[in-house]
């Protein structure tokens, strides 16, 4: 996969609702969501003890890399290990489906018995655990509404109800206390595309009031630790 443009904004729920209504007429909703394209996302991010991934983002380091284990709608039958590379506003995500048992081993740093294959996210992750002492850092929960334009591979998402946990990195725990990360009146909009966005979609985005976002959801949640 080549690098894709990734733009992030923050907006009010009222403006988010208006933009969603317009996008319903121009794009498809994510088939993995409900009838409105909504689903829950839960991710566990990994970082060094000193928070290298966090501080690289805050310091504006041009080349950045993060690993996370992610699943959706509390369904542990479908779990992915993902690696995300960022160069300024360009990003590239590689992913690999893993089992619940393997995810739990990775969370404990138990990688010596894992079968590693060339050119895989799992292999890269295992090497980074050994070389950089990566460990579970922050859990990020949110509700996502996703829209797709398949012909040009454009994806627009609205992330709301963003929450995290303090001193708790057990991704699969069902009974836990969480904290609100953003104010209720804040919604994160992400726009991802390869080369161009159709003018009809670009116009409705351009005319919706919003503010460019410089910090990631991971960074917001890390700050709550």
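The values are calculated or read from the model by the stated rules, or taken from the named source; none is laboratory data. Nothing here was measured: the structure is a model prediction, and the numbers come from that model. In this analysis, Cβ positions are derived from the backbone assuming ideal geometry, glycine residues included, and neighbour counts consider all displayed protein chains.
Data for the structure
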{"item": "Filtered residue count, segment 89-129, keeping only those that are in a loop (DSSP other than H, G, I, E, B) and in contact with a strand residue (DSSP E or B) (Cβ under 8 Å, 6 or more places away or on another chain)", "result": "4"}
{"item": "Within segment 206-225, considering residues that are touching a helix residue (DSSP H, G or I) at 6+ places or on another chain (Cβ under 7 Å) and under 15 Å from residue 157 (Cα atoms), the one surrounded by the most Cβ atoms within 10 Å (Cβ to Cβ)", "result": "216"}
{"item": "Criterion: farther than 22 Å from residue 141 by Cα and not in a helix (DSSP H, G or I) - qualifying residue of 152, 161, 182", "result": "152"}
{"item": "Test: residue 169 is over 22 Å from residue 219 (Cα atoms) and assigned to a loop (DSSP other than H, G, I, E, B)", "result": "no"}
{"item": "Residues of segment 162-188 that turn out to be closer than 12 Å to residue 16 by Cβ and either surrounded by 21 or more Cβ atoms within 10 Å (Cβ to Cβ) or out of contact with any helix residue (DSSP H, G or I) (no Cβ under 9 Å at 6 or more places or on another chain) (or both), as a count", "result": "2"}
{"item": "Residues of segment 23-51 that turn out to be assigned to a helix (DSSP H, G or I) and either crowded, with 18+ Cβ neighbours inside 10 Å or modelled with pLDDT under 95 (or both), as a count", "result": "1"}
{"item": "Which listed residue, of 111, 156, is surrounded by 15 or more Cβ atoms within 10 Å (Cβ to Cβ) and without any contact (Cβ under 8 Å) to a residue 24 or more places away in the chain", "result": "111"}
